[in-house]
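Below you'll find the structure, written out as structure tokens, and then a few comments.
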Amino acid sequence: MNSSLLEQLHDIEGLDAIHWWPLALGWWVVIGAAMVILLALSVYLIRRLAFKRSWKNDALQKLAHLEDNLSEETAKETLVYLSEYLRRIALRNYSRKECAGLTGEKWLIWLKAKDPKQFDWESEGRLLINAPYAPQNTLFPPLKIKNLIQAARSWVV
């Protein structure tokens, strides 16, 4: 009797292991949030890199350099460079036929007509057309030049 009862006994079987798939809802939320964050970060970095390589970044850096180095001694040189940068920016935004041949008053009138911020280039920008021909020791007001640089920035952005 003892042997027959022992033969009827079986080993205890444990529960099946819990599978890691399918994931619980919380994990799906975490994965989704991580994907959205990675996508947003990727788009931001791609746009930032594209801007760093663009002409706009170069122009803004040059204008910032002009503004940082502006003093009474470098005012004439700053005006000459500013005039050159403005022409480059205009050529970048408009056709060569439209703006490349403009000089003097016509250039200032065109700048005023095309300026997105409606800066008064005709009166304020007169320094741009007079500076290259002014005597070497002519003093130009740095505050007016700074205003011109700020107006040039609006052309870039």
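The values are calculated or read from the model by the stated rules, or taken from the named source; none is laboratory data. As the structure is a computational prediction, the values presented were derived from the model and not from experiment. Glycine gets a Cβ as well: all are built from the backbone with ideal geometry, and neighbour counts include every protein chain shown. Accessible surface is based on the protein model in full, side chains and every heavy atom, while ligands, DNA and RNA are left aside. Shrake-Rupley method; radii C 1.70, N 1.55, O 1.52, S 1.80 Å.
Would you calculate a helix-derived [θ] at 222 nm for the chain, using -39,500 (n - 2.57) for each DSSP H run of n ≥ 4 and dividing by the full residue count, to the nearest 500? Intermediate values should be presented prior to the final figure.
On the way: 9 runs with 107 residues, N = 157.
About -21000 deg cm²/dmol.
Classify segment 43-157 as rounded, prolate or oblate, taking a ≥ b ≥ c as the square roots of the eigenvalues of its Cα gyration tensor: rounded when a/c is under 1.5, otherwise prolate if a/b is larger than b/c and oblate if not.
Details: a/c = 2.15, a/b = 1.36, b/c = 1.58.
Oblate is the answer for segment 43-157, as a/c is 1.5 or above yet b/c matches or exceeds a/b.
With the full set of protein chains in place, find how many percent of the accessible area of the chain is carbon and sulfur; take the probe as 1.4 Å. It would help to have the intermediate numbers written out before the result.
On the way: 7180 of 11850 Å².
Within the chain, the accessible surface is 61 percent carbon and sulfur.
Compare Lys97, Lys52, Lys62 in a GNM of the chain, Cα atoms joined below 10 Å, and give the one with the largest fluctuation.
Looking only at Lys97, Lys52, Lys62, the biggest GNM fluctuation is shown by Lys97.
Taking the chain as a Gaussian network, where each spring joins two C-alpha atoms under 10 Å apart, which residue of Pro22, Pro135, Pro116 fluctuates the most?
So, out of Pro22, Pro135, Pro116, the one fluctuating most is Pro22.
Just to be sure I understand the model, the point goes 7 Å from the Cα along the line to the Cβ. What's the resulting Leu25 to Leu39 distance in nm?
Once both label points are built, they end up 2.2 nm from each other.
Measure up Lys56/Lys97; Lys52/Lys144; Lys97/Lys146; Lys112/Lys144 against 25 Å on the Cα-Cα distance and list the ones that go over. Please list the in-between numbers first.
Working: Lys56/Lys97 21 Å; Lys52/Lys144 29 Å; Lys97/Lys146 29 Å; Lys112/Lys144 16 Å.
Checking Cα-Cα distances, Lys52/Lys144; Lys97/Lys146 exceed 25 Å.
Could you provide, to the nearest whole Å², the per residue accessible area of the chain with probe 1.4 Å? Display every interim value, and only then the final one.
On the way: 11850 Å² over 157 residues.
Computed with neighbouring chains in place, this is 75 Å² per residue.
Quick one: net charge of Ile109's neighbours, Cβ under 14 Å, K/R +1, D/E -1? Don't jump to the answer; show the numbers that get you there.
Working: positive: Lys106, Lys112, Lys114, Arg126; negative: Glu98, Glu105, Asp115, Asp120, Glu122, Glu124.
Taking every Cβ under 14 Å from that of Ile109, the sum is -2.
For the chain, find the longest principal axis of its Cα atoms and tell me its angle to the long axis of helix 55-68, 0 to 90°, nearest 10.
Once rounded, the angle reads 60 degrees.
By how many degrees, 0 to 90 and rounded to 10, does the Cα axis of helix 25-52 deviate from the longest principal axis of the chain?
20
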